[in-house]
Every structure is written in structure tokens, then in C-alpha cells.
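The values are calculated or read from the model by the stated rules, or taken from the named source; none is laboratory data. For clarity, every value in this text was computed on a predicted model and none was experimentally measured. Here Cβ is always computed from backbone atoms with ideal geometry, including for glycine, and neighbour counts include all displayed protein chains. The area values use the complete protein model at the heavy-atom level, side chains included, leaving out ligands, DNA and RNA. Shrake-Rupley method; radii C 1.70, N 1.55, O 1.52, S 1.80 Å.
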Amino acid sequence: MHLSNNFTRAVPFLFVGLWSTGFIGARWGLPYIEPFNFLFIRMLLTLVAFLGLILWFKARWPTLKQSGHQMVTGSLIHAGYLGGVFAAIKLELPAGVAAIIVGLQPLLTAFLSKYFLGQSLSQRGWIGLWLGLVGVVVVLGSGVFEHQFEVHPGALVAALIALFSITIGTLYQKRFGGGVNLLTASFVQYVATAIWMGLLTFSFETREIIWDPHLMGALAWLVFGLSVSAILLLLFMIREGESAKVASYFYLVPMATTVEAWMLFDEQLSMLALAGIAVTVMGVYQTQRAITAKV
């Protein structure tokens with residue numbers, strides 16, 4: 001039991017560490033492949049990985065009704081979110097701007113949770129969420145807004161699709177996705193995602209690929225590090241915690257990505273960015289304390 005409790009406490013931080021590498025993997029892979037084709041191949045490889053895990057652990061398959069719910073979740077959390085983010089970056093929306101838009105997710109989740117799940121936050125919880133958002137804007141804005149840039153309307157739409165997809169998908173999974181084995185649930189979700197990405201790449205892309213080692217490495221990491229490990233951790237958190245509490249951890253993702261980019265790509269990490277990271281951590285801490293105190 002002691003080990004189980006330690007693992008449960010470590011899950012959010014493991015998730016943030018893995019999920020934050022998504023932008024890094026996209027940055028390494030996208031120069032050599034189109035975004036929807038990238039995601040299509042990633043989904044096919046992920047399905048193979050999950051099928052192996054399902055056979056190994058002899059996981060129970062969901063019912064037809066449960067599978068339908070998981071298809072909806074997959075269409076939102078994976079297809080809508082990943083497709084939106086990758087398309088926005090490909091349309092030259094700065095990654096920092098995309099992260100700020102998607103960074104609205106915890107606030108949007110807390111707002112919609114009241115209507116979807118009947119969950120509400122205290123004043124302290126709302127203060128924590130707003131602090132987290134301010135920190136994200138400070139960190140990303142410290143580098144993004146030093147230079148002028150033009151926003152392609154399609155890129156902005158894609159980023160907003162990603163924001164609403166991950167938010168509504170998380171709430172939908174919390175309400176309708178319970179009681180399903182995480183392995184088989186993930187497999188069904190990725191079937192839906194593969195269908196969507198296949199339709200998009202065969203409809204709008206040339207599907208030309210340069211099989212560079214950077215692309216192959218990015219694919220391997222995004223499959224096993226994110227599509228398998230991080231998603232299982234996310235589904236576990238959704239099942240075990242309140243939606244607003246889970247969503248607040250997403251504020252830490254841009255912080256971790258910023259530090260990783262500084263370490264891997266020698267990107268500047270200013271004192272203002274460090275202050276923003278501190279504010280974000282404080283905001284997440286306040287939100288977690290508020291929800292824990294309510295429970």
C-alpha cells in the first residue's frame with residue numbers, strides 16, 4: 001500500500017515530465033514529414049505497442065457502448081488536440097503562442113466542470129488557476145513577444161481546436177469513460193485517432209517523408225514516451241482525481257518544456273522566465289491545496 005501511495009503521488013510529475021517533451025519531439029520530427037502523416041504513422045505504431053501490452057496482460061476489452069465512449073475521447077484528446085497543435089506549428093504559429101492558447105485549458109476545464117460534472121472550485125482554487133496562467137504567459141511571453149510575428153488565421157483556429165478538444169475530451173472521459181481497462185481503452189482511442197489522421201493525411205497532404213534519424217528518434221520517443229506512458233498516466237489521473245485538479249498540472253508542462261529547450265537547444269532562459277516558473281508552481285500548489293482541503 002505504501003508503494004502504491006508513493007506511486008500515486010509521483011504520477012502527476014511523471015506525466016508532466018513526459019508530456020512536456022511533446023513539443024521537443026514535434027520540433028525534431030516535423031522538418032522531415034507533414035503533420036497529419038507524422039501523427040498517422042505515430043498512431044499505427046502506438047496501436048502495435050498497445051496490442052502487445054493487451055495480449056501480455058490479457059486485458060479485458062470494453063463493451064460496445066464503452067468502446068463508443070472511448071472513440072469519442074480519442075477523437076478529442078488525441079486527434080483534436082494533437083492534430084490542432086501540430087497543424088498550428090506547421091502553419092508557423094510560434095510554439096510559445098500555441099502553448100499559451102492551449103494553456104487556457106485548466107481555466108476552461110474548471111469553468112466547464114461545474115456544468116458537465118457538478119464540480120466547483122473555491123476562491124482559493126480560482127486564484128491558483130489564474131496565478132498559473134499568469135506564470136505561463138510570463139515564461140512564454142518573455143521570449144515570444146520580443147519579436148513581431150504574423151498569425152495565420154488557420155493556425156489560430158487550429159490552436160483553438162486543440163484547446164477545446166483536450167478540455168472537452170478530459171471532461172468526457174471523466175464522465176463517461178470509467179470502469180474500462182486503461183490499456184484497451186487507450187487502444188480504442190488510438191483506433192479513432194488513426195482513422196482521423198489517415199483521412200486528413202490522404203486528403204490534404206503529399207505524404208512525402210525524409211527518413212532522417214531525427215525523425216525516427218522522434219517517432220520512437222513520441223510513441224513509447226508519450227502515446228503509451230504519458231497517456232496511461234493521464235487516464236489514471238482522470239479516473240482518480242477531480243478534473244480541475246488534473247488540468248492544473250498542465251500549467252507545469254510549458255515550464256518543463258522551456259527548461260528542456262534551454263538544455264537541449266540552448267534557448268535563452270531569462271530571470272523573468274524563472275520568475276514566471278515560480279509563479280506557475282505557486283499557482284498549481286494553491287489549486288491542489290484548495291481541492292484537497294475541499295475533499
Evaluate the following for Gly103: is it within 20 Å of the chain's Cα centre (by Cα), under 24 Å from Trp221 (Cβ atoms), among the small types (Gly, Ala, Ser) and modelled with pLDDT of 95 or more?
no
Residues in the range 190-206: is at least one touching a Ser or Thr at 6+ places or on another chain (Cβ under 8 Å), closer than 24 Å to Leu51 by Cβ and buried (at least 23 other Cβ atoms within 10 Å of the Cβ)?
yes
Give me a count of the residues in the range 166-213 that are part of a helix (DSSP H, G or I) and more than 27 Å from Gly103 (Cβ to Cβ).
14
Give just the number: which of (1) in a helix (DSSP H, G or I); (2) open to solvent by less than 70 Å² (accessible area, probe 1.4 Å) does Ala59 not satisfy?
(1)
